[in-house]
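See structure below.
The values are calculated or read from the model by the stated rules, or taken from the named source; none is laboratory data. Source: prediction; values computed, not measured. Positions of Cβ are backbone-derived with ideal geometry, glycine not excepted, and every protein chain shown enters the neighbour counts.
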Amino acid sequence: MEIASVEPLGDRLEPAIEALRRGAMAMLVDRGAGGGGHLVAVASSIGAETVATMLREAVGMPFLALSEERCEALELTPIGAGSEMMITIESRHGTSTGISASDRALTMRVAAGPAYTAVDVVKPGHVLPIRVPADRLLSRPDAAATALELAALAGSPGGAALCQVLDADGAPAAVAEAEELARRLEIPLADSLEVVEHRLRATALVHRDGAERIVATAAGPLRCVSYRGRGGGRRHFALLHGDPALPEPIHLETVVQDPPADAFASAGVDRPPQAALAAVVGRGRGVVLYLAAEDAEPAGDAALARSRRAHLIRQILRDLGVAAIATGPPA
């Protein structure tokens, strides 16, 4: 498998991004554990008609996803300790009751606009902001973080308006219902996992941590390269047998760290690391990736966990100069 062969995800997201750029809506769907869909629009340019459509068609309550920077600029405070929901707000100027579609749209534009500060809003109001931490999309993505990322991709990073699609009983609608609503409204779809994938491709998940060294293993001496996860994360190790940068495909083994068991297994017990090392040495050339469990298997949706690990592995292999990995049995 070619390491550089990556399917471009931006093309699949571009219809939704372009819709947001021109002030229209997109339907954000979550095919993972959460399920459902949200109507999404750029907050800094949202109009009354868009808010009215959210209220009428999605039925849920429109929220405002804001970056940490915008929350700080507006001096917003959480509704409770540890909550990412902020006290409701309203534009200080230009609103009447505050609850109409036009008033809510104005409040959203003010809150997301970089030129506005705390003096331009009053509290409480009729728009509920959600504070989105900078690392939320890659650590624990939710609808607010994904909507904010879509808005950023459309050139408006400050904020996103989103409204959950509800069914006839007032419960969160299934993905199929959200997709049907998108077809009826003639708006593009954006898959939440693809939005996260797009960010993963543009984010350095690991960096080299220290100098390369030679380590003694049960399979013989191997070169060891240490990596550190983003944001001071846990350490990963690449153990190399032979030159990884040769053009021929290289054998790859991945092992998730289990330090107590790996270190204290009884004599004669064949642990995964030893089996992996023996496999690459037996092939004559290969790499064993010894991955930290925390970064290899993040909590949350299984599809996201698999995607994150795949990108982490790909980035390490690229750093090592690996051009392709062998996918079949040894010759």
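For the subset of region 89-105 comprising residues that are touching a residue at least 40 places away in the same chain (Cβ under 8 Å) and surrounded by 19 or more Cβ atoms within 10 Å (Cβ to Cβ), which member is farthest from Leu162 (Cα to Cα)?
Ranking the candidates gives Ile89 first.
Kindly list the number of the only condition in (1) closer than 30 Å to Val196 by Cβ; (2) surrounded by fewer than 19 Cβ atoms within 10 Å (Cβ to Cβ); (3) modelled with pLDDT under 85 that fails for Arg235.
Unmet condition: (3).
Which ones in region 146-180 are closer than 15 Å to Leu13 by Cβ, among the hydrophobic types (A, V, I, L, M, F, W, C) and not in a loop (DSSP other than H, G, I, E, B)?
Ala147, Leu148, Leu150, Ala151, Ala152, Leu153, Ala160
Here is a yes/no grid of residues against (1) surrounded by 14 or more Cβ atoms within 10 Å (Cβ to Cβ); (2) at pLDDT 90 or above; (3) part of a loop (DSSP other than H, G, I, E, B); (4) in contact with a Phe, Trp or Tyr (Cβ under 8 Å, 6 or more places away or on another chain):
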position	(1), (2), (3), (4)
Arg223	yes, yes, no, no
Leu240	yes, yes, no, no
His251	yes, yes, no, no
Gly268	no, no, yes, no
Tyr290	yes, yes, no, yes
Pro298	yes, no, yes, no
Ala303	yes, no, no, no
Arg314	yes, yes, no, no
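Hey, can you tell me all the residues within region 45-66 that are surrounded by fewer than 23 Cβ atoms within 10 Å (Cβ to Cβ) and in contact with a Gly (Cβ under 6 Å, 6 or more places away or on another chain)?
Of everything in region 45-66, just one residue is surrounded by fewer than 23 Cβ atoms within 10 Å (Cβ to Cβ) and in contact with a Gly (Cβ under 6 Å, 6 or more places away or on another chain), namely Ser45.
Taking the residues in region 112-166 that are closer than 26 Å to Ile99 by Cβ and among the hydroxyl-bearing types (Ser, Thr, Tyr) as candidates, determine which candidate is surrounded by the most Cβ atoms within 10 Å (Cβ to Cβ).
The selected residue is Ser156.
Limited to region 16-42, what total is found for residues that are buried (at least 24 other Cβ atoms within 10 Å of the Cβ) and either in contact with a Lys or Arg (Cβ under 8 Å, 6 or more places away or on another chain) or in a loop (DSSP other than H, G, I, E, B) (or both)?
Within region 16-42, residues that are buried (at least 24 other Cβ atoms within 10 Å of the Cβ) and either in contact with a Lys or Arg (Cβ under 8 Å, 6 or more places away or on another chain) or in a loop (DSSP other than H, G, I, E, B) (or both) number 2.
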